[in-house]
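Student: Just passing along the structure, written as structure tokens.
What follows draws every value from the coordinates through simple rules; no lab data is involved. Nothing here was measured: the structure is a model prediction, and the numbers come from that model. Every residue, glycine as well, gets a Cβ built from its backbone with ideal geometry; the counts of neighbours run over all protein chains shown.
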Amino acid sequence: MPADAVAVTGLGCTSALAENAPGLWTALLAARSGIKPIEHFPLDGLRTPLAGAIRPSPELRSFAERERVTSRLHVFGFAALDEALADAGWDAAALRAPGTKAALVVGTSLGMSLVAPEAVGERLTEYDGDASNPDLRALAASFERRYSVETIVVTTACASAAHAAALALDMIRCDGYDVVVCGGADSLDRMKYLGHSALQTLTEDLPRPFSRARSGTLFGEGAGFLVLERAPRAPARYAGLAGAGYSTDVYHVTAPDPEGEGGAMAMRAALADAGLEPEAVDHVNLHGTGTPLNDVSEFKALAQVFGARASRVPCTSVKPAVGHAMGAAGVLEAIATILAIRDRTVPPTLNVRADEVEYPLDLVTGGSRPLGRIDCALSNSFGFGGANGTLVFTR
Amino acid sequence: MSEMRVLGAAVVGPAEGEAAKARATAFKRETRQRYLDSSVEAGLEALHAAMHGDADPGLAQAAAAGRIGLLLATALGPQASRGDYLRSYGQRGEKSASATLFTNCGYNIAGAMLARSQNIRGPVLTFGADDGWDRKLLDVARRLLVAARAEIVYAGRIEPGAAAIVGLALGRGDITVSWRLSSGENRAAGHEYRIETGDEPDGEARRPAGAEDMVRRIAALRCRPRVAAPILST
């Protein structure tokens with residue numbers, strides 16, 4: 001682990017595949033899919049009935065009831081955050097102990113539910129009791145109230161969680177924070193899915209990233225958090241976060257830069273931040289949405305950064321398994337990247353056969369692939385508005 | 001490394017509404033945008049004024065190279081787009097769901113538009129403007145500068161019809177933002193900021209700024225003649 005890396009000491013998540021990080025990892029390695037028919041809101045007018053939707057387990061429902069949590073975003077977010085803290089040996093009381101400098105950075109895309117009953121004339125679904133408040137102050141206050149630590153809410157569409165981790169990294173490196181919990185949370189509702197239907201980013205099929213047959217993505221929901229601690233104080237239980245990079249496309253509101261310049265800038269910045277060369281990268285967890293425009297842009301970005309070696313770096317997209325979880329996507333993928341380093345195994349990209357990959361990439365398909373070495377891996381997140389973020393994790 | 005100089009600043013509110021609309025119209029024409037949320041108009045004008053108020057010829061080059069960042073805090077975000085998107089559905093059903101309005105419901109779209117207007121390719125981040133937003137924004141700006149992720153950071157607040165933005169770089173200037181780590185047992189409380197100006201009466205040159213409305217106060221100091229009425233009261 002580079003000297004300037006911070007240690008990832010805890011993981012937690014709620015996703016369409018599993019309601020905890022070990023379960024997510026087991027399911028990804030087993031090539032299971034969390035894509036399923038939506039049951040928690042009406043489907044009229046949607047382009048597809050499928051999504052990476054979460055059907056809360058009895059345990060999660062019980063958690064929501066016990067904690068009196070009334071919105072999907074908070075059920076997912078608080079459960080994931082509690083898991084990450086416990087995994088790292090922290091709890092909310094320890095975070096606010098005297099002498100401990102701690103913070104929470106939460107990424108989200110559209111925040112709480114877009115369904116405002118007074119405007120759309122529809123009743124909210126379960127766990128949407130206070131969900132229609134679009135004021136970001138309410139979201140920040142809800143996390144700050146529960147954990148009693150400084151809380152920052154960052155919203156950069158589907159790059160939100162990656163940016164949350166990047167911000168957390170600098171808080172530890174530059175400002176002496178002892179521990180920063182970072183990640184993202186987003187929930188799926190009818191108005192968000194109708195919007196994506198209107199945008200025609202959704203496939204009526206299944207997501208097939210980088211396949212010639214790809215026709216769009218499927219969105220999802222969930223939350224995930226990483227506990228980051230200053231390396232000298234904590235052994236790297238999982239991995240090190242060695243670097244982060246930001247960039248902005250300045251191209252279009254929804255379409256990525258077709259030449260992949262922005263994505264390449266983010267990857268280069270992240271590697272430079274980590275003090276590493278592209279040759280050090282053993283694996284890339286792709287943004288990999290499966291939309292025609294996103295995938296070609298990301299391939300061109302990879303080609304710029306890795307040159308001919310782009311075709312030899314094992315890479316994968318977990319979005320076909322968990323759905324595109326918007327503001328939580330970056331952290332679910334970061335968790336997959338971290339555990340790939342730990343176990344030296346890359347989970348497969350579902351729904352894609354090796355012979356139908358359109359670009360010269362070493363896309364892991366079919367089943368999970370053990371590798372002799374994963375000492376360094378990238379996780380890419382690219383969002384609407386041209387927001388790009390890349391994280392570098394090291395053993 | 002304990003000081004940031006203020007490079008430029010602007011506050012735009014209802015009084016600058018005409019100028020903001022004209023700039024927004026020009027931006028829409030240049031970028032072929034059919035639609036802009038009303039919160040973007042004031043922001044475009046504020047960023048333009050804050051960047052060009054400094055007349056630094058290297059700014060465009062730095063922006064294109066990703067060496068300039070943009071940080072915006074907001075509470076309400078794109079309120080008009082969100083309202084129109086939901087009302088349209090409420091009145092006419094799912095077939096009226098507008099891709100354009102939905103896209104503009106994203107809290108970060110205003111920042112993306114502002115970045116595009118000045119070709120800012122570095123970190124462009126939008127934050128929830130909760131209590132202490134101004135101090136948190138300055139903290140992030142300072143860390144981006146210290147970590148060399150940007151050489152200049154424009155930071156401010158954007159709400160429907162109003163925006164305040166300041167440009168910051170490391171070092172001292174006519175207006176300097178200095179900070180020190182909160183001391184003693186309260187290390188977790190973070191940094192205390194002070195604004196220093198050269199034109200304050202003797203004895204008041206150093207004004208402790210606390211954490212309240214920091215960005216607005218900096219902007220007000222930098223561009224007194226243009227300060228609109230308190231606009232960021234949301």
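Student: Just need the Rg to Rh number for the range A:203-290, please, alpha carbons only, Kirkwood Rh.
Tutor: 1.03
Student: Can you give the mean number of other chain Cβ atoms that lie within 10 Å of the Cβ atoms in peptide A:175-182?
Tutor: Per residue, the number of nearby Cβ atoms from other chains is 2 on average.
Student: Still on this structure, please answer the following. Per residue of the range A:357-369, in order, report the coupling 6.51 cos²θ - 1.76 cosθ + 1.60 (Karplus, θ = phi - 60°) as ³J(HN,Hα) in whole Hz, putting x for Gly and Pro.
Tutor: 5, 6, 10, x, 10, 8, 7, 6, 10, x, x, 5, 10
Student: Quick one: work out the % antiparallel among DSSP beta bridges in chain A, nearest 5.
Tutor: 65
Student: So for the range B:79-195, considering every pair of alpha-carbon atoms, how many percent are separated by more than 17 Å?
Tutor: 66
Student: I'd like the trypsin sites (Lys or Arg not before Pro) in the range A:255-340 restricted to DSSP loop residues with at most 11 other Cβ atoms within 10 Å, sorted by number.
Tutor: Answer in residue order: A:Arg312.
Student: Pop a pseudo-label 7 angstrom from the Cα along the beta-carbon direction at both B:Ser2 and A:Asp343 and give the gap in nm to one decimal.
Tutor: With each label placed 7 Å out from Cα toward Cβ, I get 5.0 nm.
Student: Determine the sum of side-chain charges near A:Ala21: Lys and Arg each +1, Asp and Glu each -1, restricted to other residues whose C-beta is under 9 angstrom from that of A:Ala21.
Tutor: So the environment of A:Ala21 carries a net charge of -2.
Student: Still on this model: Would you kindly derive the ³J(HN,Hα) couplings of the range A:6-17 from the backbone phi angles with the Karplus curve 6.51 cos²θ - 1.76 cosθ + 1.60 (θ = phi - 60°), listing them in order in whole Hz, with x for Gly and Pro?
Tutor: After applying 6.51 cos²θ - 1.76 cosθ + 1.60, I find 10, 8, 8, 10, x, 10, x, 7, 10, 9, 5, 8 Hz.
Student: If every alpha-carbon in the protein assembly as shown counts as one equal scatterer, what log10 I(q)/I(0) does Debye give at q = 0.08 1/Å?
Tutor: Debye curve over Cα of the protein assembly as shown, log10 I(q)/I(0) at q = 0.08 Å⁻¹: -0.50.
Student: State the percent of C-alpha pairs, over all pairs in the range A:1-98, separated by a distance greater than 15 angstrom.
Tutor: The share of Cα pairs beyond 15 Å in the range A:1-98 comes to 70 percent.
Student: Ranking A:Glu229, B:Glu196 by Cβ neighbours within 10 Å, fewest first, what do you get?
Tutor: Least crowded to most crowded, the residues run B:Glu196, A:Glu229.
Student: Within 11 Å, Cβ to Cβ, of B:Gly69, how many net charges do the neighbouring residues add up to if Lys/Arg are +1 and Asp/Glu are -1?
Tutor: Within the 11 Å Cβ shell, the charges total +3.
Student: Just the C-alpha atoms of the range A:308-354: what Rg/Rh do they give, with Rh taken as the Kirkwood radius?
Tutor: 0.99
Student: Based on the Cα coordinates of the range A:264-315, what is the per residue volume of their convex hull in Å³?
Tutor: 73
Student: Enter the mean projected area of the convex hull around the alpha-carbon atoms of the range B:1-104, in nm², rounded to one decimal.
Tutor: 9.3
Student: Moving to a separate point now. What number comes out for the charge environment of A:Lys319, summing +1 per Lys or Arg and -1 per Asp or Glu over other residues with Cβ under 15 Å away?
Tutor: Once positives and negatives cancel, what remains is -2.
Student: Name the trypsin sites (Lys or Arg not before Pro) in the range A:188-225 that are in a loop by DSSP and that have at most 15 other C-beta atoms within 10 Å, would you?
Tutor: Here the sparse-neighbourhood loop sites are A:Arg212.
Student: With a bin width of 5 angstrom, please list the P(r) values of the range A:224-371 as percents of all Cα-Cα pairs, from the 0 bin to the one holding the largest distance.
Tutor: 2, 9, 17, 22, 24, 16, 7, 3, 1, 0
Student: With both partners inside the range A:238-395, how many of the DSSP beta bridges are antiparallel, as a percent to the nearest 5?
Tutor: Of all bridge pairs located within the range A:238-395, approximately 70 percent are antiparallel.
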